[in-house]
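Participant: The structure follows.
The values are calculated or read from the model by the stated rules, or taken from the named source; none is laboratory data. Bear in mind that the values here come from a model prediction, so they are computed numbers and not experimental data. Positions of Cβ are backbone-derived with ideal geometry, glycine not excepted, and every protein chain shown enters the neighbour counts.
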Amino acid sequence: MRKLLFHLMIFIMTICLFPQLSFAKTGYVSDMLLLTFRQGPGNSYAVIKTLKSNTPVSILEEENEFYKVELRSKEIGWVDKKFIIFELPKNLIIDQLKQENKTLENKISKLESLTQTIKDKINFRESEYSQKNESLETSLKTALDEKERLSSSLSDSRGKYNTLIEQSRNIQKIVKENKILQEKSSTLSKELEILKTKNKDLFKTGMIKWFLSGVGVLLIGWVIGQSVSSKKRGSSSLLG
């Protein structure tokens with residue numbers, strides 16, 4: 001219920017204030033004029049004060065060729081409507097343009113300062129990048145030289161490798177031939193041992209033959225001697 005009453009009061013207040021709100025409009029006191037600011041809508045009402053040219057006012061109501069206005073100081077009074085204009089006064093336009101120009105100048109100054117800062121950063125970055133670029137170029141040159149050196153070393157290593165492979169093949173061939181020669185030498189050694197054994201056997205056989213021959217010769221000599229001796233004894237017997 002309280003909420004309903006609260007909303008109803010707001011609605012009533014809005015309706016009461018609606019004419020003022022709907023009529024509120026900003027106007028200005030016309031040029032070269034001191035306008036009387038009165039308590040009511042007519043020249044018979046007391047003057048509160050005078051308003052200088054170009055003074056801004058908010059229009060609240062209109063009555064009897066008078067506007068009920070509100071000043072920026074929140075004072076409320078009445079002014080003759082024919083001395084109120086709704087176009088922005090030239091001096092205010094000029095002031096506004098001056099203010100805008102000043103604002104733009106400040107923005108331009110800030111932009112120039114920002115531009116200079118950006119230029120300084122760009123120059124610093126360019127210098128930094130130039131140094132880095134020089135360093136990278138030096139590193140690249142060193143890397144290329146190292147690559148060339150390694151390529152040369154690799155070429156030499158490949159040459160040595162190929163030579164070693166060829167030598168290894170020759171060594172393998174030599175080892176194979178040496179093995180064959182060792183096998184042949186071993187065979188020849190065995191054959192030589194066999195020949196030595198045979199030679200010893202032959203030597204023994206020859207010695208036996210020569211021994212037997214010598215014994216035979218001696219026997220034959222002994223037999224002949226015995227025969228000769230027998231004959232000599234027979235002859236002696238016959239002579240006696």
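Participant: Give me the pairs, please: first residue somewhere in segment 19-41 and on the phi > 0 side of the Ramachandran plot, second residue anywhere and at pLDDT 90 or above and not acidic (D, E), beta-carbon distance under 7 Å, and either six or more positions apart or on two chains.
Facilitator: Within 7 Å, the pairs are M32/S53.
Participant: Next question. Tell me whether segment 71-80 contains one or more residues that are exposed (fewer than 15 other Cβ atoms within 10 Å of the Cβ) and at pLDDT below 80.
Facilitator: The answer is no, given that none of the residues of segment 71-80 is exposed (fewer than 15 other Cβ atoms within 10 Å of the Cβ) and at pLDDT below 80.
Participant: Right, here's the next one. I need the full set of residues from segment 85-111 which are more than 30 Å from T26 (Cα to Cα) and surrounded by 11 or more Cβ atoms within 10 Å (Cβ to Cβ), in order please.
Facilitator: Those that are more than 30 Å from T26 (Cα to Cα) and surrounded by 11 or more Cβ atoms within 10 Å (Cβ to Cβ): I108, L111.
Participant: Quick one: would you say T138 is modelled with pLDDT of 85 or more and surrounded by 10 or more Cβ atoms within 10 Å (Cβ to Cβ)?
Facilitator: Yes: the conditions hold for T138.
Participant: If I ask for residues that are small (G, A, S) and either buried (at least 18 other Cβ atoms within 10 Å of the Cβ) or under 19 Å from P89 (Cα atoms) (or both), which ones from segment 28-52 would you list?
Facilitator: S30 - this is the single residue of segment 28-52 that is small (G, A, S) and either buried (at least 18 other Cβ atoms within 10 Å of the Cβ) or under 19 Å from P89 (Cα atoms) (or both).
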